[in-house]
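Please read the structure below before turning to the comments.
All of the numbers you see were taken from the coordinates with simple rules; none came from a lab. Only a predicted model underlies this, so the values are computations on that prediction, with no experimental measurement involved. Neighbour counts run over all protein chains shown; Cβ positions are idealised from the backbone, glycine included.
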Amino acid sequence: MEREEPFVPMYTVHVPDLQAASFPIPAAADVVFFSVFDNEAAFQKHLHGPVFRNWLAQHGANFLFNGENLFVVSEMLDRKAGFVRPSMVTSACGPV
């Protein structure tokens, strides 16, 4: 995906760490996609593009749908401050 969608600067997938204290307590089956897109148009391009559509065809049975659309809760955020340490940039197999 990284090479196929250069308009997506960050895309990560997380599941709950049920050993850690979280409030509210997440469901064991929760999946959180934390992504950064260049803009709203890039987000829409991702949702309707081949990378996401192929992923949805493979994994869609594991998620909720609203009619024919994947049920998602999303927020468009405008970052005002912060940083990402280089040590946090990893692949699924470890540091890049």
### Message
For the chain, take the convex hull of the Cα atoms, compute a quarter of its surface area, and give me that in nm², please.
### Response
8.1 nm²
### Message
Can you give me the C-alpha center-to-center distance between the range 25-39 and the range 51-82, rounded to a whole angstrom?
### Response
9 Å
### Query
Dipole of the chain (Lys/Arg Cβ +1, Asp/Glu Cβ -1, origin at the Cα centre): which of S74, M88, V51 lies farthest to the positive side?
M88
### Summary
Asserting the computed 222 nm helical MRE of the chain (DSSP H runs at least 4 long, -39500 (n - 2.57) per run, divided by residue count, to nearest 500) equals -5500 deg cm²/dmol
### Message
Let me check against my output: what whole-number percent is the relative contact order of the chain, with C-alpha pairs under 8 Å and at least 6 apart?
### Response
21 percent
### Task
Would you work out the charge dipole size for the chain about its Cα centre, treating the Cβ of every Lys and Arg as +1 and the Cβ of every Asp and Glu as -1, and quote it to the nearest 20 debye?
180 debye
